[in-house]
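S.K.: Below is one structure. I have some questions about it.
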Amino acid sequence: GDCIIELLNFFCREGKEVFWHSTAHILGEAMERRYGGCLCYGPPIESGYYYDMHMDEGAVCEADYSGLETIMKGIVKEKQPFQRLEMTKEDLLEMFKYNEFKVRIIKNKIHTPTTTVYRCGPLIDLCRGPHVRNTGKIKALKVTKNSSTYWEGNAEAESLQRIYGISFPDNKLMKEWKIFQEEAAKRDHRKIGLQQELFFFHELSAGSCFWLPKGTIIFNTLQKWIQGEYLKRGFTEVVTPNMYNTKLWEVSGHWQHYAENMFSFDVEKEKYALKPMNCPGHCIMFSHRPRSWRELPVRLADFGVLHRNELSGALSGLTRVRRFQQDDAHIFCTTEQIVDEIRGCLDFLQAIYSVLGFTYELELSTRPDKYLGEKEVWEDAESRLKQALDEFGAPWQLNPGDGAFYGPKIDITVHDALRRAHQCATIQLDFQLPIRFELTYNAHDGTEKRPVIIHRAILGSIERMTGILTEHFAGKWPFWLSPRQVMVVPVMPMFNDYAIELQTKLHLQGIVIDTDLDDGATLNKKVRNAQLAQYNFIFVVGEKEKTSGTVNVRTRDNVVHGEFSVEDITDKLIRLRDSKSNVDTLE
């Protein structure tokens with residue numbers, strides 16, 4: 001036959017998208033009944049759906065949720081069928097003339113004589129579909145939150161009200177989701193960050209994190225870990241400027257496609273911008289002198305500060321910020337070196353994510369419909385990426401047509417302790433920047449050739465990764481990453497000097513150690529405070545320990561390890577730290 005039929009259920013990605021998109025239409029119908037405004041966009045998202053609406057006056061508030069849910073459940077009960085209709089552009093303009101936002105979509109985004117709409121009950125909306133058969137298929141639903149946004153993300157455009165929701169094909173899944181949300185709320189990195197005094201945000205620098213001393217320990221530990229791996233894997237760390245004349249961004253193409261996401265300003269009648277990424281600066285660094293084939297691959301790594309002008313409504317703790325640093329690297333190599341370099345990137349990825357306790361999925365995203373360069377070059381590069389993935393040995397899937405316009409890429413999705421998906425790492429081939437910056441190297445045959453660039457990050461943004469890890473570990477940091485490794489608790493004030501002596505000795509060995517010298521607190525209170533603060537180990541010291549040069553060790557989970565000499569416990573802690581184990585065992 002000339003077609004393939006595939007039956008999808010809720011538990012596959014495409015099935016969820018259809019189910020949640022259908023529920024978004026139900027939400028849109030309820031919003032029209034409740035508010036009477038102009039509906040805008042209503043797509044499915046990673047965990048549910050939302051609908052935007054322009055309202056001449058008033059705003060959505062949490063008190064509206066139950067009323068909206070009642071209307072939505074009524075629509076479900078009616079089992080309204082989803083009807084697909086094909087209409088001309090002229091008829092659509094007439095039908096939606098009351099809604100200027102739909103009119104804009106029709107005029108600017110529909111380039112064919114006809115397109116489709118879907119109808120359920122009184123709601124008719126622009127939509128490609130598909131949908132479930134009728135609204136009765138939605139067995140459980142909930143309005144989850146609301147926010148303000150701008151039309152198509154443009155801060156100069158109209159303000160809209162956005163309502164989010166979730167839905168399932170049975171009540172059991174809704175109950176499981178609610179339990180999951182309760183656990184996720186306990187792990188919220190913004191909450192733990194304040195409780196543990198790791199970081200905070202301030203309105204005077206929205207989207208930029210203030211790293212407190214304990215949070216900075218985590219930040220620096222992650223950065224030093226990656227730097228140590230760079231030494232093993234042949235990367236050279238560099239430092240590049242934070243701001244550039246916009247002429248650079250015009251060459252790279254970012255100014256034409258990304259300017260609204262950049263912070264720009266005038267300097268002596270010239271336009272400058274803070275860098276949102278490091279790649280153009282690395283291109284300048286590669287091209288500042290002639291390069292030989294003997295030098296390749298050149299692996300440049302950069303922890304430089306990046307800025308992206310995210311909308312204020314999109315900012316979310318450490319996971320969506322305006323100022324960040326990432327373990328960014330760019331590999332300049334020959335076409336023949338692509339397979340080995342991609343294998344090296346995947347090995348690097350495995351080494352890091354296995355320590356963090358993440359599982360991950362790999363997808364190869366290939367040539368999109370709109371691409372730059374020659375088809376043969378793309379096909380050759382894609383075959384090399386497939387070879388590298390096959391040699392790496394982990395399962396991977398093909399994601400046809402989802403590559404970047406400048407080259408194919410490997411998408412990496414990690415899963416945390418709650419099985420939530422996050423995209424942090426990136427491995428992307430780029431044929432276009434070498435052309436734009438006229439990058440060349442002298443080949444072994446004496447000719448000049450163009451290198452290929454591999455964009456590569458493992459942790460991605462350290463800010464985002466810290467947020468993910470905070471929730472992954474639920475604030476119970478493993479010893480090697482912990483900002484509170486040891487608390488020394490003297491049983492009486494007369495042993496404070498011994499506690500301070502211990503702190504000094506272990507501090508010099510690189511152990512993060514504090515002392516509780518609060519003479520007004522009882523021993524039990526001090527121990528409990530340390531456990532609640534998530535100190536991995538508590539050293540209790542008194543007369544016996546001072547006389548024998550020992551410490552009495554227990555954990556935050558109240559496991560009593562007993563007495564150790566200072567030398568012995570120091571060695572054990574150093575081995576534990578260097579092992580990067582996520583289990584705090586003393587061996």
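The values are calculated or read from the model by the stated rules, or taken from the named source; none is laboratory data. What you are looking at is a predicted structure, and each value in this text was computed from that prediction instead of being measured. A quick note on method: Cβ atoms are made from the backbone with ideal geometry, for glycine too, and the neighbour counts reach across all protein chains shown. Side chains are part of the model used for accessible areas, which takes the heavy atoms of the whole protein and leaves out ligands, DNA and RNA. Shrake-Rupley method; radii C 1.70, N 1.55, O 1.52, S 1.80 Å.
S.K.: I'd like to check something: does segment 289-302 contain any residue that is among the small types (Gly, Ala, Ser), within 27 Å of ALA206 (Cα to Cα) and touching a helix residue (DSSP H, G or I) at 6+ places or on another chain (Cβ under 6 Å)?
M.R.: Scanning segment 289-302, I find no residue that is among the small types (Gly, Ala, Ser), within 27 Å of ALA206 (Cα to Cα) and touching a helix residue (DSSP H, G or I) at 6+ places or on another chain (Cβ under 6 Å), so the answer is no.
S.K.: Could you list, in sequence order, all residues of segment 191-207 that are in contact (Cβ under 8 Å) with a residue 12 or more places away in the chain and open to solvent by 100 Å² or more (accessible area, probe 1.4 Å)?
M.R.: GLN195, GLU197, listed by residue number.
S.K.: Here is a follow-up. Please enumerate the residues belonging to segment 255-274 that are touching a residue at least 40 places away in the same chain (Cβ under 8 Å) and not charged (D, E, K, R).
M.R.: ASN261, MET262, PHE263
S.K.: Please list, ordered by residue number, the helices (runs of 4 or more DSSP H) wholly in segment 1-101 having 2 or more residues that are within 27 Å of the chain's Cα centre (by Cα).
M.R.: By residue number, 13-35.
S.K.: Give just the number: which of (1) within 29 Å of GLY510 (Cα to Cα); (2) touching a strand residue (DSSP E or B) at 6+ places or on another chain (Cβ under 6 Å); (3) assigned to a helix (DSSP H, G or I) does SER208 not satisfy?
M.R.: Among (1) within 29 Å of GLY510 (Cα to Cα); (2) touching a strand residue (DSSP E or B) at 6+ places or on another chain (Cβ under 6 Å); (3) assigned to a helix (DSSP H, G or I), the lone unmet condition for SER208 is (3).
S.K.: How many of the residues in segment 150-167 are part of a strand (DSSP E or B), open to solvent by less than 60 Å² (accessible area, probe 1.4 Å) and out of contact with any Leu (no Cβ under 8 Å at 6 or more places or on another chain)?
M.R.: Summing the residues that are part of a strand (DSSP E or B), open to solvent by less than 60 Å² (accessible area, probe 1.4 Å) and out of contact with any Leu (no Cβ under 8 Å at 6 or more places or on another chain) in segment 150-167 gives 4.
S.K.: Separate question: Are any residues in segment 208-226 surrounded by 19 or more Cβ atoms within 10 Å (Cβ to Cβ) and of a type in the set (Gly, Ala, Ser), and if so, which ones?
M.R.: Passing the criteria: only GLY215.
S.K.: Something else now. Which helices (runs of 4 or more DSSP H) does segment 251-369 wholly contain that include 3 or more residues that are within 25 Å of THR413 (Cα to Cα) and over 20 Å from the mean Cα position of the chain (by Cα)?
M.R.: Filter on segment 251-369 gives 338-356.
S.K.: Another question, then. Among the residues of segment 505-531, write down those that are within 16 Å of VAL559 (Cα to Cα), touching a residue at least 12 places away in the same chain (Cβ under 8 Å) and either open to solvent by 60 Å² or more (accessible area, probe 1.4 Å) or among the hydroxyl-bearing types (Ser, Thr, Tyr) (or both).
M.R.: ASN529
S.K.: Could you identify the single residue in ALA425, ALA388, ALA394 that is within 19 Å of ILE458 (Cβ to Cβ), of a type in the set (Gly, Ala, Ser) and assigned to a loop (DSSP other than H, G, I, E, B)?
M.R.: Only one candidate qualifies: ALA394.
S.K.: Condition check: open to solvent by 20 Å² or more (accessible area, probe 1.4 Å) and not acidic (Asp, Glu). Does TRP249 satisfy that?
M.R.: no
S.K.: Is it fair to say ASN496 is open to solvent by 10 Å² or more (accessible area, probe 1.4 Å), free of Cβ contacts under 8 Å to residues at least 24 places away in the same chain and not small (Gly, Ala, Ser)?
M.R.: Against the criterion (open to solvent by 10 Å² or more (accessible area, probe 1.4 Å), free of Cβ contacts under 8 Å to residues at least 24 places away in the same chain and not small (Gly, Ala, Ser)), ASN496 qualifies.
S.K.: Residues of segment 325-372 being among the acidic types (Asp, Glu) and either open to solvent by less than 20 Å² (accessible area, probe 1.4 Å) or over 30 Å from PHE479 (Cα atoms) (or both), which ones?
M.R.: Listed by number, the residues that qualify are ASP327, ASP328, GLU336, ASP340, GLU341, GLU363, ASP369.
S.K.: Mind listing whichever residues of segment 547-587 are open to solvent by less than 40 Å² (accessible area, probe 1.4 Å) and aliphatic (A, V, I, L, M)?
M.R.: Matches in segment 547-587: VAL551, VAL553, VAL566, ILE569, LEU573, ILE574, LEU576, LEU586.
S.K.: Oh, and also: Answer yes if at least one residue in segment 229-236 is surrounded by 12 or more Cβ atoms within 10 Å (Cβ to Cβ), touching an Asp or Glu at 6+ places or on another chain (Cβ under 8 Å) and over 28 Å from LEU459 (Cα atoms), and no otherwise.
M.R.: Scanning segment 229-236, I find no residue that is surrounded by 12 or more Cβ atoms within 10 Å (Cβ to Cβ), touching an Asp or Glu at 6+ places or on another chain (Cβ under 8 Å) and over 28 Å from LEU459 (Cα atoms), so the answer is no.
S.K.: Continuing with this model, one more query. So which pairs qualify, if the first residue must be in segment 130-155 and within 19 Å of ILE75 (Cβ to Cβ), the second must be open to solvent by 30 Å² or more (accessible area, probe 1.4 Å) and of a type in the set (Val, Ile, Thr), the Cβ gap must be under 9 Å, and the two must be at least 6 apart or on different chains?
M.R.: Final answer for the pair search is PRO130/VAL18; HIS131/VAL18; VAL132/VAL18.
S.K.: Can you tell me which residue among LYS172, LYS145 is touching a Phe, Trp or Tyr at 6+ places or on another chain (Cβ under 9 Å) and open to solvent by 20 Å² or more (accessible area, probe 1.4 Å)?
M.R.: The unique qualifying residue is LYS145.
S.K.: Mind telling me which of the residues GLU78, GLU46, GLU94, GLU57 ends up being open to solvent by 60 Å² or more (accessible area, probe 1.4 Å) and either closer than 27 Å to ASN309 by Cβ or of a type in the set (Val, Ile, Thr) (or both)?
M.R.: GLU46
S.K.: When the residues of segment 102-120 are filtered to those that are touching a strand residue (DSSP E or B) at 6+ places or on another chain (Cβ under 9 Å) and assigned to a loop (DSSP other than H, G, I, E, B), which remaining residue is farthest from TYR51 (Cα to Cα)?
M.R.: Checked segment 102-120; the qualifying residue farthest from TYR51 (Cα to Cα) is PRO113.
Condition check ((1) among the acidic types (Asp, Glu); (2) free of Cβ contacts under 8 Å to residues at least 24 places away in the same chain; (3) within 23 Å of SER148 (Cα to Cα); (4) in contact with a Cys (Cβ under 8 Å, 6 or more places away or on another chain)) across all residues:
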{"site": "PHE11", "(1), (2), (3), (4)": "no, yes, no, no"}
{"site": "HIS25", "(1), (2), (3), (4)": "no, no, yes, yes"}
{"site": "GLU29", "(1), (2), (3), (4)": "yes, no, yes, yes"}
{"site": "GLU32", "(1), (2), (3), (4)": "yes, no, yes, no"}
{"site": "GLY37", "(1), (2), (3), (4)": "no, no, yes, no"}
{"site": "GLY42", "(1), (2), (3), (4)": "no, no, yes, no"}
{"site": "MET53", "(1), (2), (3), (4)": "no, no, yes, yes"}
{"site": "GLU57", "(1), (2), (3), (4)": "yes, yes, yes, no"}
{"site": "VAL60", "(1), (2), (3), (4)": "no, no, yes, no"}
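S.K.: Right, next: Any idea which residue in segment 532-546 is nearest to VAL583 (Cα to Cα), counting only those that are open to solvent by 20 Å² or more (accessible area, probe 1.4 Å) and out of contact with any helix residue (DSSP H, G or I) (no Cβ under 8 Å at 6 or more places or on another chain)?
M.R.: If we take residues in segment 532-546 being open to solvent by 20 Å² or more (accessible area, probe 1.4 Å) and out of contact with any helix residue (DSSP H, G or I) (no Cβ under 8 Å at 6 or more places or on another chain), then GLN534 is nearest to VAL583 (Cα to Cα).
S.K.: Across segment 280-324, which residue is surrounded by the most Cβ atoms within 10 Å (Cβ to Cβ) among those that are over 26 Å from ALA157 (Cα atoms) and among the acidic types (Asp, Glu)?
M.R.: The selected residue is ASP302.
S.K.: Still on this model: Considering LEU469, LEU502, which residue is in contact with a strand residue (DSSP E or B) (Cβ under 6 Å, 6 or more places away or on another chain) and surrounded by 18 or more Cβ atoms within 10 Å (Cβ to Cβ)?
M.R.: LEU502
S.K.: Out of all the residues in segment 224-241, is one or more without any contact (Cβ under 8 Å) to a residue 24 or more places away in the chain and in a strand (DSSP E or B)?
M.R.: No, segment 224-241 contains no residue that is without any contact (Cβ under 8 Å) to a residue 24 or more places away in the chain and in a strand (DSSP E or B).
S.K.: So which pairs qualify, if the first residue must be in segment 461-472 and within 16 Å of VAL305 (Cβ to Cβ), the second must be open to solvent by 10 Å² or more (accessible area, probe 1.4 Å) and in a helix (DSSP H, G or I), the Cβ gap must be under 8 Å, and the two must be at least 6 apart or on different chains?
M.R.: Close Cβ pairs (under 8 Å, with a partner that is open to solvent by 10 Å² or more (accessible area, probe 1.4 Å) and in a helix (DSSP H, G or I)) amount to ILE462/PHE219; ILE462/GLN223; THR466/PHE219.
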